[in-house]
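The values are calculated or read from the model by the stated rules, or taken from the named source; none is laboratory data. These numbers were taken from a predicted model, which means no experiment stands behind them. Every residue, glycine as well, gets a Cβ built from its backbone with ideal geometry; the counts of neighbours run over all protein chains shown.
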Amino acid sequence: MLQHILKIIQLHTNQTDLIKKAVKQDRKAQHVLFETYAPKMLSVCRYYVSDLQKAEEVMLNGFFKVFKYLKDYKNEGSFEGWIRRIMVREVISFYRQKKQIQFADEVENYTAEFHNDIDSSIEVAQIQACIDSLPEGYRLIFNMYAIEGYKHNEIAKMLDINEGTSKSQLFKAKKMLQEKINTLNSVQNGVK
Amino acid sequence: MESNKFDDHIKNLLDKRSIEPSVNAWSNLEERLNSTKTAKRNWMLWSGVAASFIGVLITISVLNTNTKVITVVEAPVEIKEDIINSKENSKENTVATPKPTIENKQATPIYVSQTKNNSKATLNKASLTPETDQLINKEPKMAVVEKDLQEIPNSTLEKANSIKITYKDEAESLLAQALQQTTSSEPKSSTIDAASLLYDVEVEVEQSFRTKLFATIKENLSDIKTVIVDRNK
């Protein structure tokens with residue numbers, strides 16, 4: 001237990017040193033940080049962008065900004081969370097550049113229930129495929145709310161939309177996703 | 001509640017995943033980072049070059065300003081030399097009178113030619129003295145000039161003093177020369193009418209020459225004063 005705590009402290013110290021060096025444009029330190037966080041961040045970008053190459057492009061843009069603004073990181077909160085927020089913002093700017101986001105009209109009733117009946121045999125790739133099949137506006141808001149944990153007012157502010165629009169998009173996204181997962185479940189059960 | 005579980009389940013599934021970036025991902029990023037660094041360096045280099053260029057321009061303009069002032073102040077020295085030379089030669093008086101203009105601040109010599117009358121001129125010392133003394137000892141004007149000169153830097157003051165002395169010396173040398181001419185050309189015979197000769201000289205030769213000379217000196221003095229006043233502004 002003690003060894004585990006010591007290991008965590010050492011990792012934290014190492015990371016602080018790496019960040020300090022990376023701020024001074026030390027390429028080796030930047031490379032280590034990149035190697036540490038790039039796989040996770042590429043996965044994050046992949047939630048939103050279905051094309052892996054484009055997702056990597058977004059991730060590289062995100063890391064470029066990470067190293068550019070690293071001096072502004074105050075060691076408050078987790079470093080990974082800070083990078084992750086940058087990645088999400090980069091994804092939003094990617095969508096804005098493409099001007100692809102279309103948000104449907106608001107829905108008055110959000111009372112439908114969603115059941116946690118995802119089959120355990122369903123793999124991540126299959127879930128990702130279901131998310132990829134969502135319209136981009138739905139996908140963006142679903143990922144921001146359900147995976148990143150943003151609140152509706154934060155999402156509305158970041159995407160420059162109404163809070164109600166965010167709620168309606170999430171509702172529709174979940175509904176569509178539930179249907180797709182149900183289909184997937186039935187296929188899995190049929191296979192079994 | 002069920003809704004939250006649905007979200008959490010998907011989140012947990014996706015959070016476990018990590019995707020390795022392509023092999024050249026880091027090299028691409030490094031290239032971008034390096035290009036930014038180079039651009040920054042280039043920007044700093046160019047701004048340094050621009051700053052030094054501006055500095056050189058300012059220095060040149062300051063030096064030019066100083067040179068212009070010196071040109072204006074030193075210009076009257078040419079008068080002295082020209083006048084003395086012309087007086088010494090004195091067959092045909094060509095007086096080089098630099099006329100400094102404030103706009104371009106360059107001395108533009110104006111040559112005033114005067115052919116002396118071949119008749120032997122005689123100067124009456126008494127007739128010359130009051131006017132010349134008046135001109136030389138222009139105390140109020142010189143006092144103003146001296147007062148102005150006290151307010152300007154020492155180097156310029158010394159130059160200005162030398163000019164003042166130059167004018168005095170010039171006037172004195174002219175007087176001495178005139179006196180010498182007068183004494184050397186005293187009428188030996190009693191048949192020459194001194195009054196008529198004097199009248200001739202007064203009217204035809206010396207009057208105009210003297211007037212022009214004094215006018216030139218006055219003009220230069222006023223130019224110097226203008227320059228000094230402009231500088232003090």
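Key figures for this structure:
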quantity	calculated
Checklist (1) within 14 Å of another protein chain (Cβ to nearest Cβ); (2) at pLDDT below 75 applied to B:Ser27, failing item	(2)
Residues within segment A:25-64 that are among the aliphatic types (A, V, I, L, M), more than 11 Å from chain B (Cβ to nearest Cβ) and either closer than 15 Å to A:Arg84 by Cα or in contact (Cβ under 8 Å) with a residue 24 or more places away in the chain (or both), tallied	2
Filter result for A:Met59 (in contact with a Leu (Cβ under 6 Å, 6 or more places away or on another chain) and either closer than 22 Å to A:Ile127 by Cβ or assigned by TED's automatic domain parsing to the domain that holds A:Lys157 (or both))	yes
Filtered residue count, segment A:14-24, keeping only those that are touching a residue at least 24 places away in the same chain (Cβ under 8 Å) and surrounded by fewer than 21 Cβ atoms within 10 Å (Cβ to Cβ)	4
Residue that is farthest from the other protein chains (Cβ to nearest Cβ) [pool: residues in segment A:75-86 that are on the phi < 0 side of the Ramachandran plot and touching a helix residue (DSSP H, G or I) at 6+ places or on another chain (Cβ under 9 Å)]	A:Glu76
Some residue of segment A:153-161 being modelled with pLDDT under 80 and of a type in the set (D, E, K, R)	no
Test for B:Lys40: is it surrounded by fewer than 10 Cβ atoms within 10 Å (Cβ to Cβ) and within 12 Å of chain A (Cβ to nearest Cβ)	no
